[in-house]
Every structure is written in C-alpha cells, then in structure tokens.
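Heads up: the structure comes next, in structure tokens.
The values are calculated or read from the model by the stated rules, or taken from the named source; none is laboratory data. Just so you know, these numbers come straight off a predicted model, no measurement behind them. Cβ coordinates were reconstructed from backbone atoms using ideal geometry, including for glycine residues, and neighbour counts include every protein chain displayed. Side chains are part of the model used for accessible areas, which takes the heavy atoms of the whole protein and leaves out ligands, DNA and RNA. Shrake-Rupley method; radii C 1.70, N 1.55, O 1.52, S 1.80 Å.
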Amino acid sequence: MSEPPVSVLMPAYNAEAFIDKAIQSIRDQTYEDWELVVVDDCSSDDTWSIIQRHVAEDDRVRGVRNEENLGVVKTRNKLFDLARDESEYYAIFDADDISEPRRLDEQVAFLDEHPRVGVVGSYLPVIDAEGSVIGRRDYPCEPIAVRQALPVYDPIGQPSAMIRREAIETVGRYDERLERSQDYDLWWRISKKYEVANIDDVLVEYRMHEGQGKLSSMRETLRNTVWIKWQYVSWREFLRPAVMSRVVLELS
C-alpha cells in the first residue's frame, strides 16, 4: 500500500536563527512521501538563502518568496494554495520549531485509522532559543475530551497539527481577520464537522523566544480568544464554571 502524500506547510519571517534546524527536522523524517513548502514573507535576514540551500539539496523542499510582506495568516492560507494537489494531509509547522523524526509517520497512521478525525496534534515540549527544555504542554487526547476542553482553552498546539485536506475544503481556511488565535477559530470550525484529537506522544518541540510575535501580542491573543468563544460556545457550554472563569480571566 502506498503512503498518503503529505504537504508540510511552513511560513517564515526573519527566522535565520532557527529555520535550518526546522527544515532539517522534516528532511530527517522516517516517513517518505512528503513535500515541504516554505514561504519566506519578505525576510530582511538570511532566511531566504537558507531556504534556497535546502531546496538545492533536497527536491522535496520547495521555496517561495512573497513579493510583499503578507503577515503570517495570509501566508498560511497561501501555503494551502501552493500544496500539491495529491496531498491528503497538511502538516502545519513553524520555522522556529523542531519535528521529531517519527512525527509524520505517527500522525498519518492516526488519521488513516481514524477517518472521522479532521485534525490531530500532539504533546509539545517547550524549548528556549538555545534548545533547552523549559516546559511542556500536554493536551487531552480522546476526541470527547478535546471537545470538552475546546470552550475553555485551545486544546491543539498549532505547530504540531496535521489537518485532513478534506476538512480544509469543507470548513474553509484561516480567518484572515484574526492575526492572533486564528488556529483556535479553525479548530472550532473543524469540530463542527469532524472529531479533533491529540496523540499522547511528543512529536514537535515548540520554541519560545523573544522574537516571537505571540510573546509581544498577548493582549490581542486574549481578546481574539474571547471573541472566538462568543462566536462558537453555546450558552449551555458557556455556563460551565470552567468556561466562565476562563473568560473572566481573559477579560481582566
């Protein structure tokens, strides 16, 4: 039986410090039928030259450079357009993170075995700029548990997400109005049509560093999170103490 084709989608902006290891972690995958599409969003550092080197070394890596800076959300949506038509799954990946060698193998096997799941993530060890582990994010795994957590917090780590192509075609792409928390909104929409799940294993190392937009835009992230909850959380779910207390905390 042939392997389902996978497109790994990576936006990149001024990522010269980390992108070499990120790309190499995909090239080192035990899974074979993948392509890595990297879009450089008009970086002013050596990001593009690093991408070009990997393109020259491995024909499974494709590099594209935006003509103007689009921002991460529009670039993520552009990556869906650039993915090859035959890919059944999209692996979301960031230019400062590291995928474990078995990541694609485990996630493809999981989605093949669970056709009702539209997106699957994994546990995330948190690393700093030097690669030292400084924390860990464990998420609920079973679809019922993930669905129960969804009104309270984002239960899928975006850098570890693998999305069924059919799910994107069904519910649409990232909402470009949301510069932050756009993944949380997408998981909600997918959850209306599919199950969402996590694998109880560490498959991606998630890097936190000073240059990260998430660290400098926490207020916008919280504001968008509350807005998303108002869009999707039913009143019955909203009245759960865990949901109410979380919203109060995010608004404070």
**Matching entry among E237, E210 (being at pLDDT 70 or above and of a type outside the set (A, V, I, L, M, F, W, C))** = E237
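If you scan region 83-118, which residues turn out to be of a type in the set (D, E), in contact (Cβ under 8 Å) with a residue 24 or more places away in the chain and open to solvent by 10 Å² or more (accessible area, probe 1.4 Å)?
E86, E88, D94, D96, E100, D105, E106, D112
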**Options V8, V72; residue that is hydrophobic (A, V, I, L, M, F, W, C), within 25 Å of Y174 (Cβ to Cβ) and surrounded by fewer than 20 Cβ atoms within 10 Å (Cβ to Cβ)** = V72
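The rows are residues; the columns are (1) under 20 Å from V120 (Cα atoms); (2) among the acidic types (D, E).
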site: F18; (1), (2): no, no
site: D59; (1), (2): no, yes
site: V64; (1), (2): no, no
site: L79; (1), (2): yes, no
site: A91; (1), (2): yes, no
site: D97; (1), (2): yes, yes
**Unmet criterion (only one of (1) closer than 29 Å to L111 by Cβ; (2) open to solvent by less than 10 Å² (accessible area, probe 1.4 Å)) for T47** = (1)
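Table: residues versus (1) closer than 24 Å to D128 by Cβ; (2) out of contact with any helix residue (DSSP H, G or I) (no Cβ under 8 Å at 6 or more places or on another chain).
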site: I156; (1), (2): yes, no
site: P159; (1), (2): yes, yes
site: R164; (1), (2): no, no
site: E176; (1), (2): no, no
site: D185; (1), (2): no, no
site: D200; (1), (2): no, yes
site: L203; (1), (2): yes, no
site: R207; (1), (2): yes, yes
**Asked** Hey, among P151, P159, which residue is open to solvent by less than 20 Å² (accessible area, probe 1.4 Å) and in a helix (DSSP H, G or I)?
**Response** P159
**Message:** Checking the structure you have, find out if any residue of region 120-131 is among the hydrophobic types (A, V, I, L, M, F, W, C), under 18 Å from S7 (Cα atoms) and over 13 Å from the mean Cα position of the chain (by Cα).
**Reply:** no
**Request:** Run I26 past the list (1) closer than 16 Å to V108 by Cβ; (2) surrounded by fewer than 21 Cβ atoms within 10 Å (Cβ to Cβ) and report the number of the one that doesn't hold.
**Result:** (2)
**Prompt:** What number of residues in region 16-62 are more than 26 Å from D85 (Cα to Cα) and either touching a strand residue (DSSP E or B) at 6+ places or on another chain (Cβ under 6 Å) or of a type outside the set (A, V, I, L, M) (or both)?
**Reply:** 10
**Every residue from region 190-211 that is surrounded by fewer than 21 Cβ atoms within 10 Å (Cβ to Cβ) and among the charged types (D, E, K, R)** = K192, K193, E195, D200, D201, E210
